[in-house]
Each structure stands twice: as structure tokens, then as C-alpha cells.
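Have a look at the structure below before the remarks.
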Amino acid sequence: MLITKQLTKTFSRQKNDFDAVHEVDFEIKPGDFCVLTGPSGCGKSTFFHMICGITKPDSGEILFDGQNIEKDSAQKWAARRATDISYVLQGDSLLANFTVLENICLPHQLSSKSVDLKDKALEILREFGLENMADEYPANLSGGERRRVAIARAFVHEPKLVVADEPTSDLDEENTKIILDYFTRQAKNGKAILISTHDLSFINDEMKHYVMKKGVMSKV
């Protein structure tokens, strides 16, 4: 589904160049649940930004469904994120002036493949224990609740690949389990799941574990 070849991104700090991501070869297929670990600042988020079209690589290739996409326009990437690739960023990415239900549905309803996603959104909210929050605004939610809403938004339109940067960082043990169980079920249903985390405790043999150190990725 998604393959990177020699993917590299170079930054400059105090007039010295360094590779935040260095020649990364990576592949994820339908049904894979991949977990990327590594210390803060090792390049995980930069790698995610490149494979989701937020940041352009300096060299290397990104192939999605067999097509080379790393040089696609911002408009093509935006359309892809509204259809085939979902990205759950770190932090709070909800729109303050829209309800929970609107936050989940609106980004995808603006795409060319617009469909009514309300029922699907409510179904996911029920699974996440947020069925009573559909008409609330983000300001009335806790950090963990906002994180679960962002994850619901990533799945509501049935994407092929979901990339999530520290998706359980704001969650307690109970809600972390709910989210990870949901990710696992979605992978078993054929979606490709790629997440980053600092928590090694939940990684199991059904997951593919990768580690990034100083921009270099390796499989455990």
C-alpha cells in the first residue's frame, strides 16, 4: 500500500545540516498494525509529516498504491488525506467553533467524495464512550476526550491508511485499551495502521515494531 525508498529530510540548526530522517526504507500493507518508537526528536513526526504530505522530502520516494506521490501538489495531498490517508496529529486539532459531530464529519464532507457520515460518526463515538458528547464543543471536553474525537475523525470515512502520532498520550489506561482494541480491529478488517508511541507495554506479536534513532529507522 505505502512504500518509502531512501526517504530523507534535512534541516539546518546553528548553520549545521542534519538529517531528521535519513534514507528510510519502509513498507506497510493492508492489515498491518505498525508501531514506531524512539526518543523525542528522533524523526518520527518528520517521517509522518512526509508520508502524509505535510512536509516535502528532500530526496527519496513515497509510493502509494503503486504510484509515486512525494511530488504531488498540496491540493492532491489534501484530497488524499480526506479520502485514503488519515493523519492524527499530536496535540489538539479540533475546530473550536464546531461540535464534536461536526468536527468528525466536516473535513470529509468537503472532499469530492462527500457522503453522509453522521451515522458512522455516531457509531464510533459509541465505541469510544462519547455518544453523549456529539453536540458538545471542544472547549467542554477533556484532553483525552478531544483526542478520542480526533481519532474518530480519522476513521469515519473508511481510509486505507491511518497514521497517528502519539494517539494514546492523553489517555488513561482504560481509554488507551479502547483505542488500541479499535486500531487492532480496524487492522484485522484490512486497514493499514501506523502509530508512534513512547509506551512499549502494549506492543505484541501481532504488531510490527520499528525503532527510529537519529533519523534512522530499523525493524525490531
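Bear in mind that the values in this text are calculations on the coordinates, not laboratory data. Just so you know, these numbers come straight off a predicted model, no measurement behind them. Methodologically, a virtual Cβ is constructed for each residue, glycine included, from the backbone with ideal geometry; neighbour enumeration extends over all protein chains shown.
General observations
- Of all lysines in the structure, those lying under 20 Å Cα to Cα from Lys120, and not within fewer than 8 positions of it along the same chain, are Lys160, Lys188, Lys191.
- Candidate cross-link partners of Lys118 among the aspartates and glutamates, defined by an alpha-carbon separation under 16 Å and a same-chain spacing of 8 or more, comprise Glu102, Glu127, Glu131, Asp135, Glu136, Glu158.
- Note on segment 10-115: dipole from Cβ charges, positive end direction compared against His108, Leu89, Thr10; the farthest Cα belongs to His108.
- Within straight-line reach of Lys9, meaning a Cα separation under 14 Å, sit the following aspartates and glutamates at least 8 residues removed in sequence or on another chain: Asp17, Asp19, Glu23, Asp25, Asp58, Glu61, Glu70.
- Shape box of segment 82-157 [Cα atoms, principal axes, largest first, Å]: 32, 25, 22
- Rounded to the nearest 0.05, the FRET efficiency derived from the C-beta distance between Lys213 and Leu63 at R0 = 22 Å is 0.35.
- Per residue, the Cα convex hull of segment 113-220 amounts to 133 Å³.
- Sorting the segments 91-99, 24-32 by their mean number of nearby beta carbons within 10 angstrom, highest to lowest, gives 24-32, 91-99.
- Here the chain is assigned +1 on the Cβ of each Lys and Arg and -1 on the Cβ of each Asp and Glu. Its dipole about the Cα centre then comes out at about 680 debye.
- Share antiparallel - DSSP beta bridges, the chain, percent rounded to 5: 55 percent
- When the charge dipole of segment 91-220 is built from unit charges on Cβ atoms (+1 for Lys and Arg, -1 for Asp and Glu) and taken about the Cα centre, the candidate among Gly143, Ile178, Val216 whose Cα reaches farthest toward its positive end is Val216.
- Contact order relative to length of the chain, as percent, for alpha carbon pairs under 8 angstrom and 6 or more apart: 30 percent
- Helical content alone sets the calculated 222 nm signal of the chain at -9000 deg cm²/dmol, taking -39,500 (n - 2.57) per DSSP H segment of four or more residues and averaging over every residue.
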